[in-house]
Every structure is written in C-alpha cells, then in structure tokens.
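First up is the structure itself, then whatever we jot down about it.
Just so you know, all these numbers are worked out from the coordinates, no wet-lab data involved. Since we're looking at a predicted model, the values are computed, not measured. Cβ placement follows ideal geometry from the backbone for every residue including glycine, while neighbour counts extend to all protein chains displayed.
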Amino acid sequence: MVYAALFAAYGPRHWWPADSLFEVMVGAILTQNTAWSNVERALQRLRGLVSLDAEAILNLSTEQLADAIRPAGYFNVKAARLQEFCRSYLIAGGLNGLARLDTAALRRYLLAIKGIGPETADDMLLYAFERPVFVVDAYTRRLFQRLGHLSGNEGYEQIRSAFESALGADVVLFNEYHALIVNHAKAVCKTKPRCDQCCLSEHCAVSGQ
DNA sequence: TACCAGGAGAAAA
DNA sequence: TTTTCTCATGGT
C-alpha cells in the first residue's frame, strides 16, 4: 500500500502548517500553483502588515494586499481572490457559520466563491473544517500516474471519489495521506531535480508499491 | 538563461 | 464542450 510505504518512510506529518484555521484557508488560496516556500514568505509579509483575519484583509486596498503577498506570485489575481473569499466568509458568519453547514453544502458554498476551485475548496474542507474530503493535487496525480494507478486523463472528481471510496471517510487518514504525498514529492525533488522521474527510482519510498 | 512549481477563470476554438 | 491562454515570483 502506498500510504503504508510513505508513512514508514516519513512518519506522521501533522498538517497543515498554520497558526489558525483562517490561516489554513488563506494559505490554501496563496499556494495555488505555487511552491509553499513562497507562500510562507507572503504570509510572513502579510502578518507584518495586519492581523490575519477577514476584516483586516478587507480593510486593505487590493493594491496593498497584492504588494504584501507578492512573493506568492500571481499577486494581483490572488489579492482579488483572497478578498472575495473574505467577503463570502464574513457573509456566511465566519468559521462558526460555515462549520454549521454539512460537508456537501459547505463544499458547494466554497466552490461558488470566485477563485476557489476544487483543490482549494478541498484543502479548506479537510485541513480547516476536518471534513473527510480527499485532496487531489498535482503531486497526487503525478505520483499515482507514475505508479500506474492513473492514466492521466481522469478528472478531479473522478480521482477524488476513487480515493474516498477506497479509503472510507477518514479525516485523519486523508490528512496524513495528502501531507505524506506532498512531503514525498519534496523529498524526491531534493534528491532529483525532476519529480516525474523519481517515483520509480531506487531512492523512492514508494517504488514498486 | 531557461525552466519549473500544490490552480483557477476567461477567452478562443 | 473542450482546449488554450493568462496570471508572476523565487529556486535551481
């Protein structure tokens, strides 16, 4: 089993790296198509400017916010998305208001926000709201494609439901699994420059799984 | 210097 | 409906 191999290689990851649940959601938007190291720089700059809450972010001009999150890349796009999310977050009653929704309703609500796609919504659902939703990202696709479990033509929802059906609704497992996949990608990237060539090589923790 | 990285939405075909 | 383009910084 891939999970067992990853867990044996890296141990528990205790994700997501953030000081608050709101910060998890901000990080989920900032990390869109971006390396986490750049997101950390952006979060640090943003923390240096305002407290990390929805009201404070909305009180900034979009230009101020964009400048603060510049290291995360796509800063103009992400500043607008972040403020759009903050508006919807407050309208819904913040964390407590959103937490009252069942998982399907919460996912629909998040996906209806401009700038929140399936992966970002599922990051939030799993790591901020502790809902049993499997996050499918580029690392997941790449790893399972290399292992021969995916062809590469599957859609996001198809992969997500396949994982959820196979694993059952287990928040702790989903949390660790996704974190381990990300950790693995970073680990092999350190060893080899090209991730897509790593998962079948001798140093790979899941080779042959 | 060139290429790549944890996505999403709009425009074009 | 599907494919292509755009957004951008930082590391190697």
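Between residue A:173 and residue A:102, full extension at 0.36 nm per residue minus the direct alpha carbon distance yields a gain of 23.6 nm. Using a simple spin-label model with pseudo-atoms 7 Å out from Cα toward Cβ, residue A:55 and residue A:164 lie 3.5 nm apart.
With the convex hull of its Cα atoms as the shape, chain A has an orientation-averaged projected area of 11.4 nm².
Could you please tell me the mean projected area of the C-alpha convex hull for region A:21-128, averaged over all directions and given in square nanometres to one decimal? Before the final figure, lay out each step's value.
On the way: hull surface 23.1 nm².
Approximately 5.8 nm², given one-decimal rounding.
Calculated FRET efficiency, residue A:14 to residue A:87, Cβ-Cβ distance, R0 = 30 Å: about 0.45 to the nearest 0.05. Counting only trypsin sites (Lys or Arg not before Pro) that DSSP places in a loop and that have at most 15 other Cβ atoms within 10 Å, the longest clean stretch of chain A runs over A:1-99.
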